[in-house]
Amino acid sequence: MSPATAQVIAATDETAEAADIVERFLVASMVPDPQTAALYIADDLAITFTGGRKYGHPRETAAFNAGRYKWVKKNMQRTDVVPGHGETIVYNLGTLYGEWPDGTPFEGNRYVDRFVVRGGKIVQMDVWNDSAERILTMRGIEA
């Protein structure tokens, strides 16, 4: 287990499994390997990415990221798990690092990913990060 997964407090089998599913999904997504990432999702996955963009498969988010970044990885710092009735909510927090399309490196870009895991599969993913703010700043626009 990575340090991110180790943050799960008083883990039950269900919460530990949900955290592990999310971490495996995120690791595959960072390669990017949408085919492996898809092993952890439900057929009706609903993804809401930054800016309210809607997707249904990891290959769509990989394509979006390929346009926004030359490459991007996550420094997963923490995983919080909230057990529920028939589903588990998993928050993964940390920072992004990588390069913008022009090759300029970046790091310390905060992110929060929220997942709903049901029946051993990710059914919902919501993504927030500071990329848009950083892009505006690079263009001389202070929000």
- prompt: Which condition number does residue 51 fail, the rest of (1) in contact (Cβ under 8 Å) with a residue 40 or more places away in the chain; (2) under 22 Å from residue 33 (Cα atoms) being met?
  reply: (2)
- prompt: Restricted to region 41-63, and to residues that are more than 13 Å from the chain's Cα centre (by Cα) and part of a helix (DSSP H, G or I), which residue is farthest from residue 102 (Cα to Cα)?
  reply: 52
message: Suppose we keep only residues that are touching an Asp or Glu at 6+ places or on another chain (Cβ under 8 Å) and without any contact (Cβ under 8 Å) to a residue 40 or more places away in the chain within region 99-119. Which one would you say is farthest from residue 26 (Cα to Cα)?
response: 105
task: Kindly indicate the residue of region 40-81 that is in contact with a strand residue (DSSP E or B) (Cβ under 9 Å, 6 or more places away or on another chain) and loosely packed, with under 13 Cβ neighbours inside 10 Å and also farthest from residue 114 (Cα to Cα) among those meeting that condition.
output: 43
task: Test residue 93 against the stated conditions and say whether it is closer than 25 Å to residue 14 by Cβ, in contact with an Asp or Glu (Cβ under 8 Å, 6 or more places away or on another chain) and without any contact (Cβ under 8 Å) to a residue 24 or more places away in the chain.
output: yes
- prompt: Restricting attention to region 89-112, does a residue exist that is within 21 Å of residue 131 (Cα to Cα), in contact with a Leu (Cβ under 6 Å, 6 or more places away or on another chain), in a strand (DSSP E or B) and of a type in the set (A, V, I, L, M, F, W, C)?
  reply: yes
query: Say we look at region 15-40 and pick out the residues that are outside any helix (DSSP H, G or I) and touching a Pro at 6+ places or on another chain (Cβ under 9 Å); which of these is farthest from residue 95 (Cα to Cα)?
result: 33
query: Filtering region 82-117 down to residues that are farther than 21 Å from residue 47 by Cβ and of a type in the set (Phe, Trp, Tyr), which residue is surrounded by the fewest Cβ atoms within 10 Å (Cβ to Cβ)?
result: 97
query: What about residue 4, is it at pLDDT below 95, in contact with a strand residue (DSSP E or B) (Cβ under 8 Å, 6 or more places away or on another chain) and in a helix (DSSP H, G or I)?
result: yes
task: Tell me which residues, restricted to region 63-81, are of a type in the set (Val, Ile, Thr) and without any contact (Cβ under 8 Å) to a residue 60 or more places away in the chain.
output: 72
statement: Taking region 113-143 and keeping only residues that are in a loop (DSSP other than H, G, I, E, B) and touching a strand residue (DSSP E or B) at 6+ places or on another chain (Cβ under 7 Å), one is left with 130
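The values are calculated or read from the model by the stated rules, or taken from the named source; none is laboratory data. The shown structure was predicted, so the numbers you read here are calculated from the model rather than taken from an experiment. So basically every Cβ, Gly included, is an ideal-geometry build from the backbone, and we count neighbours across all protein chains shown.
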